[in-house]
Amino acid sequence: MAQAVRRNSSAHWKATDLSHHIHPFTDQHALPGQGVRVIVRAEGTYLFDSDDNKLLDAFAGLWCVNVGYGRKEIAQVAYDQMVQLPYYNTFFKTTTPPTAELGKVLADLAPKQLNHVFYGLSGSDANDTICRMVRHYWNVLGKKTKKTIISRQNGYHGSTMASASLGGMKAMHEVGDLPLPGFVHIMQPYWFGQGGDMPPDEFGLKAARALEEKILELGADNCAAFIGEPIQGAGGVIIPPASYWPEIQRICKKYDLLLIADEVICGFGRTGHWFASEYFKIEADFMTMAKGLTSGYLPLSGLMVSDRVFAVIGGDKAGELTHGYTYSGHPACCAVAIENIRIIRDEGLVEKVRDVTGPYLAKRLKELHDHPLVGETRNLGLIGAIELVKDKATRKTFEPLGDVGLICREHCFKSGLVMRATRDTMLISPPLTWTKANVDEFMTLTRKALDLTLADVRKKGLL
Ligand SMILES: *Cc1c(COP(=O)(O)O)cnc(C)c1O
């Protein structure tokens, strides 16, 4: 009887959802035919859906549940703060204790030049804020033509009008006539997909110099900033060659562009460093944080501003910063972030990813190179990718691109594993609490899904 009721509720949620809920990043017309999945609870690194399937979450929700699911300490902190003070705004010279405290925590953690924080609720709104602050900065300095922000094709910076304009995703630009004026894109440092016969470091320099070419084309007096994810996440976990970021840094200095590091995915231990900027030695003027900042337990974004930028936008010529969100510095969200960061630190998760699970994942992923579909595996810490290709030697992809990735993703689900697909690239970004045993379990499920995918690919005559 209990079982019958539960099955009943699964059907109920699915039908109710389809009647009213407009899903993000979903073909609304196709969805009723495909059906929705209802996730009802989670524990550690496992998800449970309304049909009683247990899934190993190799994607940490959406790159965000760094400390894993089911952390009662975090829930308790949110409860206590909501009882004490559920909400107050931070406009007009006001703050709350967790808002103030988190600023100190973040300034201590972030690269040394970043000591000022502006709060929002999402990576998208943080990047919108950056667009306004960049323009404000140059306006205050009297350099009013420095307006254009340069970013990369296939970069991802969010989904609002400005942040999707920063992003370089064609399919996103088609919804809403983007990019807005003042946003331009250069090539990405995607060696596996675009490097051809070039050695990776040579290709990294070429990709970085596309920035210099763009600046020279537009005129440095018209260029305000460059933004990039240290490792492109949604674009396919693209880890740039070592030559890339130092060259970008040099070019930004030479032509006086502000440098923005979007660490929404890379931050808070994902790469085995608190921020990937440390690993790549990026010295940013702005750094975007969200996702792992609260491990997704409550929404929060933080935007770190460098001393040099703050000296201007907080200087005597700047006037009022007429910008803010009702929930900027929300006390419950900030309290949750503080507790989340405490857990990451106390459990040594960053070091564990750097020294143990990251290297172990790299070693185990390499074993997949014997698989007929696998063209490359790559990872830095616990962010990684598996490239599925038609021809391993030439790195030739399947046509149309993306079908094989979707087939593989479906086989993952059926095998009890959540992995995401971008094009035919399978993406990995698990909770940082993963043990070597979790990596082993992941490898077993992945190998199974790849074999099933290979069988399908052969059946369809795609190989
Ligand atoms: C997810 C993401 C964003 C957008 O964050 P939202 O919270 O979804 O608005 C921005 N930048 C990067 C790199 C992201 O991965």
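The values are calculated or read from the model by the stated rules, or taken from the named source; none is laboratory data. Here the structure is a predicted model, which means the values were calculated and not measured. Glycine gets a Cβ as well: all are built from the backbone with ideal geometry, and neighbour counts include every protein chain shown. Please note that ligands, DNA and RNA were not included when accessible areas were found on the heavy atoms of the full protein model with its side chains. Shrake-Rupley method; radii C 1.70, N 1.55, O 1.52, S 1.80 Å.
Using protein chains only and a probe of 1.4 angstrom, how many square angstrom of Met187 are accessible, to the nearest 10?
Accessible area, nearest 10 Å²: 40 Å².
Once you have the Cα-Cα distance between Asp197 and Leu406, take 0.36 nm times their residue separation minus that, and quote the gain in nm to one decimal. Walk me through the numbers on the way to the answer.
Numbers: separation 209, 0.36 × 209 = 75.24 nm, distance 2.84 nm.
So the chain would gain 72.4 nm between Asp197 and Leu406.
Taking the Cα centre of each part, how many Å lie between segment 391-463 and segment 76-105?
Measuring centre to centre over Cα atoms gives 42 Å.
Separation between the Ala242 and Asp17 pseudo-spin-labels, each 7 Å from Cα along Cα→Cβ, expressed in nm?
Each label point lies 7 Å from its Cα, and together they span 4.5 nm.
Calculate, for segment 242-395, the solvent-accessible area per residue in square angstrom, rolling a 1.4 angstrom probe over the heavy atoms of the protein chains. Display every interim value, and only then the final one.
Numbers: 5440 Å² over 154 residues.
On a per-residue basis, 35 Å².
For segment 28-42 and segment 143-219, what is the centre-to-centre distance using only Cα atoms, to the nearest Å?
Distance between centres, Cα-based: 33 Å.
Would you mind getting me the FRET efficiency between Lys112 and Asp221? Use the beta-carbon distance for r and R0 = 41 Å, nearest 0.05.
Details: r = 30 Å, r/R0 = 0.73.
For Lys112 and Asp221, the calculated efficiency is 0.85.
Hey, got a sec? Which trypsin sites (Lys or Arg not before Pro) in segment 41-126 land in a DSSP loop and have at most 16 other Cβ atoms within 10 Å?
Numbers: sites: Arg41, Lys54, Arg71, Lys72, Lys93, Lys104, Lys112; in loops: Arg71, Lys93, Lys112.
Hits after loop and neighbour filter: Lys93, Lys112.
In deg cm²/dmol and to the nearest 500, what is the mean residue ellipticity at 222 nm of the chain if only DSSP H runs of at least 4 residues count, each as -39500 (n - 2.57), divided by the residue total? If you can, show how the numbers build up before the last one.
Values: 18 runs with 195 residues, N = 463.
So the helix-based figure for the chain works out to -12500 deg cm²/dmol.
Ignoring ligands, DNA and RNA, what percent of the 1.4 Å accessible area of the chain is carbon and sulfur?
Details: 11400 of 20230 Å².
Of all accessible area on the chain, carbon and sulfur atoms account for 56 percent.
Among the aspartates and glutamates, which fall within straight-line cross-link reach of Lys254, defined as a Cα-Cα distance under 20 Å, with same-chain neighbours fewer than 8 residues apart omitted?
Within reach: Glu212, Glu213, Glu217, Asp221, Glu283, Asp285, Asp307.
Which value, in debye to the nearest 20, gives the size of the charge dipole of the chain about its Cα centre, when Lys and Arg are +1 and Asp and Glu are -1 at the Cβ? Walk me through the intermediate numbers first.
On the way: 52 positive and 51 negative charges, 51 e Å.
In total the dipole reaches around 240 debye.
Which residue, chosen from Gly302, Gly204, Gly193, occupies the Cα position most advanced towards the positive end of the dipole of the chain, where the dipole is computed from +1 (Lys, Arg) and -1 (Asp, Glu) charges on Cβ about the Cα centre?
Going by the charge dipole, the pick is Gly193.
Past 26 Å, Cα to Cα, is the threshold; run Lys112/Lys170; Lys206/Lys253; Lys72/Lys104 against it and keep the listed order.
Working: Lys112/Lys170 35 Å; Lys206/Lys253 18 Å; Lys72/Lys104 24 Å.
Long pairs (Cα-Cα over 26 Å): Lys112/Lys170.
Just to check I understand the Karplus step: with θ = phi - 60° and J = 6.51 cos²θ - 1.76 cosθ + 1.60, what whole-Hz values come out for segment 161-172, glycine and proline as x?
Coupling constants for segment 161-172: 4, 6, 6, 6, 6, 4, x, x, 9, 4, 4, 6 Hz.
Pull up all non-local amide H partners of Gly70: gap of 5 or more, or a different chain, and H-to-H distance under 5 Å with H placed in the peptide plane.
Placed amide hydrogens put Gly44 under 5 Å from Gly70.
Could you give me the ³J(HN,Hα) list for segment 44-51, computed from phi with Karplus coefficients 6.51, -1.76, 1.60 and θ = phi - 60°, whole Hz, x at Gly and Pro?
Using θ = phi - 60°, the values come out as x, 10, 10, 10, 10, 9, 6, 9 Hz.
Based on DSSP loop calls and a cut-off of at most 11 other Cβ atoms within 10 Å, the longest stretch of the chain free of exposed chymotrypsin sites (Phe, Trp or Tyr not before Pro) is what?
Values: sites that count: Phe25, Phe91, Phe92.
Within the chain, the longest run free of exposed chymotrypsin sites (Phe, Trp or Tyr not before Pro) spans 93-463.
When a/c is below 1.5 the answer is rounded, else prolate if a/b is larger than b/c, else oblate, so apply that to segment 58-170 with a ≥ b ≥ c taken from the square roots of the Cα gyration tensor eigenvalues. Intermediate values should be presented prior to the final figure.
Details: a/c = 2.27, a/b = 1.39, b/c = 1.63.
Since a/c reaches 1.5 but b/c is at least a/b, the shape of segment 58-170 is classed as oblate.
Testing the spin-label approximation: label points 7 Å from Cα along Cα→Cβ at Thr95 and Lys253. State their distance in nm.
A separation of 3.2 nm, rounded to one decimal place.
Between Ala311 and Thr26, what length in nm is gained on full extension when 0.36 nm per residue of separation is reduced by their alpha carbon distance?
Values: separation 285, 0.36 × 285 = 102.60 nm, distance 4.30 nm.
Extra length available between Ala311 and Thr26 comes to 98.3 nm.
In straight Cα distance, which lysines are under 18 Å from Lys459, not counting same-chain residues fewer than 8 positions off?
Lys390, Lys448
Quick one: Karplus J couplings for segment 429-434, per residue in order, coefficients 6.51, -1.76, 1.60, θ = phi - 60°, nearest Hz, x for Gly and Pro?
7, x, x, 6, 7, 3
With labels modelled as points extended 7 Å from the Cα through the Cβ direction, what inter-label distance (nm, one decimal) is found for Leu368 paired with Val175?
Calculated label separation equals 2.7 nm.
Can you list the residues, at least 5 places off or on another chain, whose amide H is less than 5 Å from the amide H of His185, using H built in the peptide plane?
Here Ser151 satisfy the definition.
Check Gly272: other-chain or 5+ apart residues with amide H under 5 Å from its amide H, H built from backbone geometry?
Under 5 Å from the amide H of Gly272: Leu382.
Based on the alpha-carbon gyration tensor of the chain and its eigenvalue square roots a ≥ b ≥ c, which shape applies: rounded if a/c is under 1.5, prolate if not and a/b is larger than b/c, or oblate?
Working: a/c = 1.66, a/b = 1.19, b/c = 1.39.
Oblate is the answer for the chain, as a/c is 1.5 or above yet b/c matches or exceeds a/b.
Give the percent of DSSP beta bridges with both residues in the chain that are antiparallel, rounded to the nearest 5.
On the way: 33 of 49 bridges.
Antiparallel bridges: around 65 percent, rounded to the nearest 5.
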